[in-house]
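The values are calculated or read from the model by the stated rules, or taken from the named source; none is laboratory data. These figures come from a predicted structure and were not determined experimentally. Note that each Cβ is placed from the backbone with ideal geometry, even for glycine, and that neighbours are counted across all protein chains shown. What goes into the accessible areas is simple: the full protein's heavy atoms, side chains included, and nothing from ligands, DNA or RNA. Shrake-Rupley method; radii C 1.70, N 1.55, O 1.52, S 1.80 Å.
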Amino acid sequence: MAEESSLIATQRILMFLLGVRHRENTRFARTKMWGCFRSVFRAIGNCLARLGLIDQKMDVFYLTIDEIFAFVDGRSVTNNLHGLVELRRAETEGYEKSLPPPERFMTRGACGPYWLFPSLVDDMNLLKQLEAEASSDPNVLTGTPCCPGVVEAAVRVVYSIDEARGLDDEILVTSRTDPGWVPLYPLCKGLLIERGSLLSHSAVVARELGLPTIVGISGGLMKRLKTGMKVRMDGGKGKVTIVRDGDAHEEDTQEPEES
């Protein structure tokens, strides 16, 4: 009986591992598909640029798929694709300059008006009280522990991957990451991310590399820390302590301006 139970358990484990392998293969295939899609739309953008309908081929990504296909089919509402691109470009620039929404918030009724009035979204912040309590000590920030390890070093605060050039044994601090940031991980001593959870891509890869990491840090991580500050991070407890801020310099990073 015991041998039969052990055999069943072993079979279940093998099935689980096989399922995980297939899941990762599916994710990889999906990623390859996105690359194929981008190649197709870049080719469409190149044709539109040659026709003088947009300035450059990459501008096609400011248009929706429905708008592109409608133009190709001859059923688009407008042929002024250049005007649509400029409208979306202005909206994108405004979005990049605006403050990020709260990590957890609740809306009532139509959601659209909330984005026109950021103060309304801030009033619906479900974690406002917790953030206020976390802000009681200006030298301590807390988040979700992802990979254990205690590190004390200077921080590099970046808003884009381009700002992380020259990273060398510093603690990388940013609001969010994507798979394109992975090559930077071996160059830093630790990772502090304002957004994310235990299952976010940055957290999973950091655990695989054994890189001390804390995500979902409340209390205004990107506002409190500046490049050059020395901090002590405890990846096992999810705690960040500012050790010294005298060497901080703000010119290295440009925080998005409030709109």
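The table for this structure:
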read-out: Computed accessible area, THR177, all protein chains, 1.4 angstrom probe, square angstrom; value: 40
read-out: Distance between the range 75-91 and the range 205-230 - C-alpha centres, whole angstrom; value: 39
read-out: Linear extension gain, ASP162 paired with ALA43, 0.36 nm per residue minus alpha-carbon span; value: 40.2 nm
read-out: q = 0.19 Å⁻¹, the range 160-215: log10 I(q)/I(0) [Debye, one scatterer per Cα]; value: -0.55
read-out: Unit charges on C-beta of K, R, D, E only; dipole of the range 101-247, Debye; value: 160
read-out: In Å², nearest 10: area of LEU99 left accessible to a 1.4 Å probe; value: 80
read-out: Filter on LYS32/LYS57; LYS57/LYS189; LYS57/LYS97; LYS97/LYS230 - keep pairs with C-alpha separation over 30 Å; value: LYS57/LYS189
read-out: Calculated FRET value between MET58 and VAL204, using beta carbons and R₀ = 35 Å, to 0.05; value: 0.70
read-out: Shape of the range 81-199, Cα gyration tensor, a/c cut at 1.5; value: oblate
read-out: From phi via Karplus (6.51, -1.76, 1.60), per-residue ³J(HN,Hα) for the range 38-47 in Hz, x at Gly/Pro; value: 5, 5, 4, 6, 5, 5, 5, x, 5, 5
read-out: Potential extension, TRP34-PHE117 segment - 0.36 nm per residue separation minus Cα distance; value: 26.5 nm
